[in-house]
Structure formats: C-alpha cells, structure tokens
Amino acid sequence: KAGVTQTPRYLIKTRGQQVTLSCSPISGHRSVSWYQQTPGQGLQFLFEYFSETQRNKGNFPGRFSGRQFSNSRSEMNVSTLELGDSALYLCASSLAVGGWDDIQYFGAGTRLSVL
Amino acid sequence: ILNVEQSPQSLHVQEGDSTNFTCSFPSSNFYALHWYRWETAKSPEALFVMTLNGDEKKKGRISATLNTKEGYSYLYIKGSQPEDSATYLCALGYFGNEKLTFGTGTRLTIIP
C-alpha cells in the first residue's frame with residue numbers, strides 16, 4: 001500500500017511569489033491535514049480537509065489556503081510569500097472514521113525556502 | 001491556547017541503557033494522546049494512540065503510559081539501540097478543539 005506522497009520535496013521561491021504544494025493520501029483515506037514546522041516550533045496545524053471540504057483551520061493568515069479534490073488529493077497554496085514562510089510543510093492523512101484518535105500517516109514533507 | 005510540553009528537549013543515552021521522557025498536557029476535555037517517532041529525513045511514524053486514563057501500550061522495547069487526571073504520559077524505551085535515535089513527538093486531541101496539538105518533541109540520540 002503506497003504511503004502519503006508529497007511533491008515537490010524541495011522548493012526555493014522569492015518573496016512575493018506564490019507556491020502550491022501537493023499531497024496524495026493513502027488510498028481510502030478521506031482526511032488530509034497540513035502542518036508547518038519551523039525551527040524550535042512544534043508542528044503547527046494549518047487546516048484539515050475531509051470529502052473536499054475544509055473541516056478545521058488553524059491560526060494562519062489568509063495567504064495560506066488549500067483544497068481537496070474528489071480523489072482526496074490535496075493542495076496547499078501560499079500566496080505573497082514572506083521570509084517567515086520558510087519551513088517544512090507536512091501533510092498527513094487518516095481514515096477519519098472517528099475523532100482525533102485516528103492515526104495520522106505523514107508524508108515526507110516539502111521543504112520550502114523563501115529568499 | 002493549549003500548552004503541550006515535552007521534556008527533556010534532548011537526551012543522549014548510551015546504547016543498551018533504558019530511558020524515558022514525558023509529555024505534559026492540560027487534562028480538561030482530553031480526547032486522545034498520540035506518540036510519533038520522527039527519524040531524520042523520514043516521515044513521522046505513529047507509535048501509539050491512547051485514549052483511556054491508565055492506558056498502557058507496548059510495541060517491542062517501547063511502551064507508554066497515560067495519566068489523564070494529572071495530565072501526563074511517559075514513553076519508555078528499554079535497552080536503547082542506535083535505531084531508536086529520533087525525535088519523539090506527542091500530540092493531543094481535545095473535545096471541542098478540532099485539531100491535534102503537537103509538543104515540540106524530545107530529541108533522543110543513542111550513543112554506540
């Protein structure tokens with residue numbers, strides 16, 4: 001069974017640009033969550049999508065957005081990039097049958113550097 | 001803002017020794033606690049999900065306990081091996097808070 005796939009693995013952008021990251025969940029998983037990790041910080045929750053709908057959202061500015069397609073693949077978009085957006089972005093998928101006791105399966109992440 | 005604390009922040013342990021570290025969290029409205037192992041250059045991998053007070057989980061040499069009344073969980077590693085070197089994350093789910101809140105992790109290094 002294929003794991004969670006994130007593309008690209010690495011990205012270099014400049015301030016003001018926008019970027020789109022992609023996440024393909026494990027087959028059969030309907031929930032996809034996105035997280036940001038910066039040095040010294042824990043994983044910060046960005047948002048969660050379930051059945052093409054954003055179900056939960058963290059405390060990030062509106063420059064961060066996402067969507068989910070009918071095949072459960074998800075994309076995350078960051079517009080008007082700032083230096084502080086440099087981070088590792090992880091996505092995780094789960095069956096989401098119940099609540100937050102569902103195991104999260106993580107991808108390897110996309111490392112974004114903003115110059 | 002939920003405060004999930006992990007201690008120590010980092011730890012060096014001699015190969016063969018046993019070790020443990022802590023995840024502390026607010027106990028009110030607790031739903032579930034997750035432990036993940038995150039090796040360098042790999043994806044975080046789930047170790048345990050715990051939901052009941054007094055719950056204990058075991059997977060090989062690794063085990064975890066949960067005390068929801070006092071708000072802590074211990075992760076134990078018996079007879080540490082080099083492959084145990086990783087960052088160990090705990091994450092909490094709460095009723096009425098629709099996300100997992102992660103701690104900053106304990107970075108474990110096993111010295112051969």
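Only residues that are closer than 14 Å to B:K78 by Cα, in contact with a strand residue (DSSP E or B) (Cβ under 7 Å, 6 or more places away or on another chain) and not in a strand (DSSP E or B): list them for the range B:52-68, please.
B:R61
How about the range B:3-27: which of its residues are more than 11 Å from chain A (Cβ to nearest Cβ) and part of a loop (DSSP other than H, G, I, E, B)?
B:P8, B:E15, B:G16, B:D17, B:S18, B:F25, B:P26, B:S27
Hey, which of the strands (runs of 3 or more DSSP E) in the range A:41-110, taking only ones fully inside, have at least 3 residues that are touching a strand residue (DSSP E or B) at 6+ places or on another chain (Cβ under 7 Å) and without any contact (Cβ under 8 Å) to a residue 40 or more places away in the chain? So that I can check it myself, show each step before the final result.
Working: elements: A:44-50, A:53-57, A:64-68, A:74-78, A:87-94.
Strands (runs of 3 or more DSSP E) meeting the threshold: A:44-50, A:53-57, A:64-68.
From the list A:R67, A:R73, A:R63, A:R55, which residue is at pLDDT below 95 and either under 13 Å from the mean Cα position of the chain (by Cα) or farther than 20 Å from A:T5 by Cα (or both)?
A:R55
Go through (1) touching a strand residue (DSSP E or B) at 6+ places or on another chain (Cβ under 7 Å); (2) closer than 30 Å to A:T5 by Cβ for B:A41 and report which single condition fails.
(1)
Which residues, taken from the range B:28-45, are in a strand (DSSP E or B) and either in contact (Cβ under 8 Å) with a residue 12 or more places away in the chain or at positive phi (or both)? Outline the logic, then answer.
First, pick out the residues of the range B:28-45 that are in a strand (DSSP E or B): B:30-38, B:45.
Passing the criteria: B:F30, B:Y31, B:A32, B:L33, B:H34, B:W35, B:Y36, B:R37, B:W38.
Could you tell me whether the range B:18-41 includes any residue that is surrounded by 20 or more Cβ atoms within 10 Å (Cβ to Cβ), closer than 30 Å to A:R111 by Cβ and polar (S, T, N, Q)?
no
Can you find a residue that is over 16 Å from A:E82 (Cβ atoms), assigned to a strand (DSSP E or B), touching a Phe, Trp or Tyr at 6+ places or on another chain (Cβ under 7 Å) and within 14 Å of chain B (Cβ to nearest Cβ) anywhere in the range A:4-27?
Checking the range A:4-27: not a single residue is over 16 Å from A:E82 (Cβ atoms), assigned to a strand (DSSP E or B), touching a Phe, Trp or Tyr at 6+ places or on another chain (Cβ under 7 Å) and within 14 Å of chain B (Cβ to nearest Cβ).
The values are calculated or read from the model by the stated rules, or taken from the named source; none is laboratory data. Keep in mind it's a predicted model, so treat the numbers as computed, not measured. Cβ sites come from the backbone with ideal geometry, for glycine too, and all protein chains shown count toward neighbours.
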